[in-house]
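Asks: Structure provided below as structure tokens; questions to follow.
Derivation of every value follows stated rules applied to the coordinates shown; laboratory data play no part. Please read all numbers here as calculations on a predicted model, not as lab measurements. So basically every Cβ, Gly included, is an ideal-geometry build from the backbone, and we count neighbours across all protein chains shown.
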């Protein structure tokens, strides 16, 4: 008789440091389809968390639930960011509280230049992320500041989408498939940027199909399977556990 291995022993264990972002017992639905099934986890300030799993595991739905996008519909649970109850907020209020979602389709605004896309998102006056600081982090965007955003290459559009999130002086960056469709050299560049902003204290949750690249970047990993957490532990544990990778990530 085959018994599926239990990799959940590390899931949701109490940690010594206080949580910066806390997700507690989230249940989310698309209509009557039960997608996110009672997920709970903590993220600490300055941490990069990789949210992994096969297609349909609930990764993007979890990210969108945290961002309060309205789809999927969160029917139960609580989400706290730096002592603020995100679960009582609209998506706009959650964004104002410091949550920044970079969706897979990037949503660069047509008709606006790179700089206009950034200025539209930027709070006034900027607290931490001035245009000068953004252009230092993304020199390509500085070179193309007067170019229409939608005419940039795919990698440059991803940079712009991340930069636009940072321009709002956010506390937590949520990235949905940031490497999708990008050449390895561009992925290297984006990874380098994410390491730099981590060093500057940014907290990041990363959903990515390229699990190996995500694990090499992340501090921790959570693996989802059919809307539930099956593993919560260090990224290194996943990289070192062949059985776990084969069972849930097909790598």
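Listed here are the residues, each with its yes/no results for (1) surrounded by fewer than 16 Cβ atoms within 10 Å (Cβ to Cβ); (2) touching a residue at least 40 places away in the same chain (Cβ under 8 Å).
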| residue | (1), (2) |
| --- | --- |
| 102 | no, yes |
| 109 | yes, yes |
| 117 | no, yes |
| 125 | yes, no |
| 130 | yes, no |
| 133 | yes, no |
| 143 | yes, no |
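Residues are listed down the side, and each one gets a yes or a no for (1) in contact with a strand residue (DSSP E or B) (Cβ under 8 Å, 6 or more places away or on another chain); (2) under 30 Å from residue 244 (Cβ atoms); (3) part of a loop (DSSP other than H, G, I, E, B):
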{"site": "46", "(1), (2), (3)": "yes, yes, yes"}
{"site": "54", "(1), (2), (3)": "yes, yes, yes"}
{"site": "61", "(1), (2), (3)": "yes, yes, no"}
{"site": "65", "(1), (2), (3)": "yes, yes, no"}
{"site": "93", "(1), (2), (3)": "no, no, no"}
{"site": "109", "(1), (2), (3)": "no, no, yes"}
{"site": "123", "(1), (2), (3)": "no, no, yes"}
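Asks: Being farther than 13 Å from residue 172 by Cα and not in a helix (DSSP H, G or I): is that true of residue 70 here?
Replies: yes
Asks: Let me ask something else about it. Please go through the stretch 75-84 and pick out each residue that is surrounded by fewer than 22 Cβ atoms within 10 Å (Cβ to Cβ) and either on the phi > 0 side of the Ramachandran plot or touching a strand residue (DSSP E or B) at 6+ places or on another chain (Cβ under 7 Å) (or both). Break it down stepwise before answering.
Replies: Taking the stretch 75-84 first, the residues surrounded by fewer than 22 Cβ atoms within 10 Å (Cβ to Cβ) are 75-78, 80, 82-84.
Hits for the stretch 75-84 are 75, 76, 77, 78, 80, 82, 83.
Asks: Condition test on residue 50, is it surrounded by 15 or more Cβ atoms within 10 Å (Cβ to Cβ), assigned to a strand (DSSP E or B) and in contact with a helix residue (DSSP H, G or I) (Cβ under 6 Å, 6 or more places away or on another chain)?
Replies: Spelling it out, residue 50 is indeed surrounded by 15 or more Cβ atoms within 10 Å (Cβ to Cβ), assigned to a strand (DSSP E or B) and in contact with a helix residue (DSSP H, G or I) (Cβ under 6 Å, 6 or more places away or on another chain).
Asks: Do you know which residues across the stretch 145-155 are crowded, with 16+ Cβ neighbours inside 10 Å and outside any loop (DSSP other than H, G, I, E, B)?
Replies: Matches in the stretch 145-155: 148, 149, 155.
Asks: State whether one or more residues within the stretch 177-186 are part of a loop (DSSP other than H, G, I, E, B), surrounded by 17 or more Cβ atoms within 10 Å (Cβ to Cβ), under 14 Å from the mean Cα position of the chain (by Cα) and on the phi > 0 side of the Ramachandran plot.
Replies: yes
Asks: For the stretch 161-176, which residues satisfy the criterion of being touching a strand residue (DSSP E or B) at 6+ places or on another chain (Cβ under 7 Å) and either surrounded by fewer than 17 Cβ atoms within 10 Å (Cβ to Cβ) or over 16 Å from residue 140 (Cβ atoms) (or both)?
Replies: The answer is 165, 168, 170, 171, 172, 173, 174, 175, 176.
Asks: I've got another one for you. Can you find even one residue in the stretch 205-216 that is surrounded by fewer than 18 Cβ atoms within 10 Å (Cβ to Cβ) and either free of Cβ contacts under 8 Å to residues at least 12 places away in the same chain or closer than 17 Å to residue 20 by Cβ (or both)?
Replies: Scanning the stretch 205-216 turns up no residue that is surrounded by fewer than 18 Cβ atoms within 10 Å (Cβ to Cβ) and either free of Cβ contacts under 8 Å to residues at least 12 places away in the same chain or closer than 17 Å to residue 20 by Cβ (or both).
Asks: Report whether or not residue 158 is outside any strand (DSSP E or B) and touching a strand residue (DSSP E or B) at 6+ places or on another chain (Cβ under 9 Å).
Replies: So residue 158 fits the description; yes.
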